[in-house]
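Computed from the coordinates by the stated procedures, all read-outs in this text should not be read as laboratory data. A quick note: this is a predicted structure, and the numbers were derived from the prediction, not measured. Neighbour counts run over all protein chains shown; Cβ positions are idealised from the backbone, glycine included.
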């Protein structure tokens, strides 16, 4: 009787884990499709605004690059189940560049405080260098359930 209860408990736990994994994977894929769709929707909208305006500024082009990087990040995450941290840093660097260009275009009077943005971009570039060096020097172990 005790063995039967233990086997039943193991089967129940196994079934619960299988259902839990299915639900988590389903939510994960649904969320990735929602995020990817939102990125495409936003990029198309930005492009339509540029088309209606009849021209694209450097600010608009950098915005499209941000959408491209976000889309690539979602695609890589969808295929590998690994978040490419470098892409987040690239997005941040592009966003800071866009902000700096917009600020200079708007005020036409660059002040000394504008140097904070290139300094932040330099820090992010150094962080990318550290991450690339670390991943080349100390590659992560592949787990048994990774693709």
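Worth a mention:
- Cβ-derived FRET efficiency at R0 25 Å, residue 83 paired with residue 137, nearest 0.05: 0.80
- Spin-label pair residue 4-residue 48: with each label point 7 Å from Cα along the Cα-Cβ axis, the two points sit 6.5 nm from one another.
- Theoretical ellipticity at 222 nm over the chain - DSSP helices of four or more residues, -39500 (n - 2.57) apiece, nearest 500: -29500 deg cm²/dmol
- Applying 0.36 nm per residue to the separation of residue 25 and residue 123 and subtracting their alpha-carbon distance, the gain on full extension is 31.7 nm.
- Counting neighbouring beta carbons within 10 Å and listing from fewest to most, the residues 53, 2 come out as 2, 53.
- Each of 100, 73 was scored by other Cβ atoms within 10 Å of its Cβ. Arranged with the fewest first, they read 100, 73.
- Going by neighbour counts of Cβ atoms within 10 Å, the residues 90, 77 line up, fewest first, as 77, 90.
- To the nearest ten degrees, helix 116-137 and the longest principal axis of the Cα atoms of the chain are 40 degrees apart.
- Global form of segment 38-137, assessed from the alpha-carbon gyration tensor, a/c cut-off 1.5: oblate
- Computed E for residue 115/residue 56 - FRET, C-beta separation, R0 41 angstrom, nearest 0.05: 0.90
- Degrees separating the helix 58-80 axis from the principal Cα axis of the chain, which is the longest one: 10
- In degrees, nearest ten, helix 85-107 long axis to first principal axis of the chain (Cα): 20
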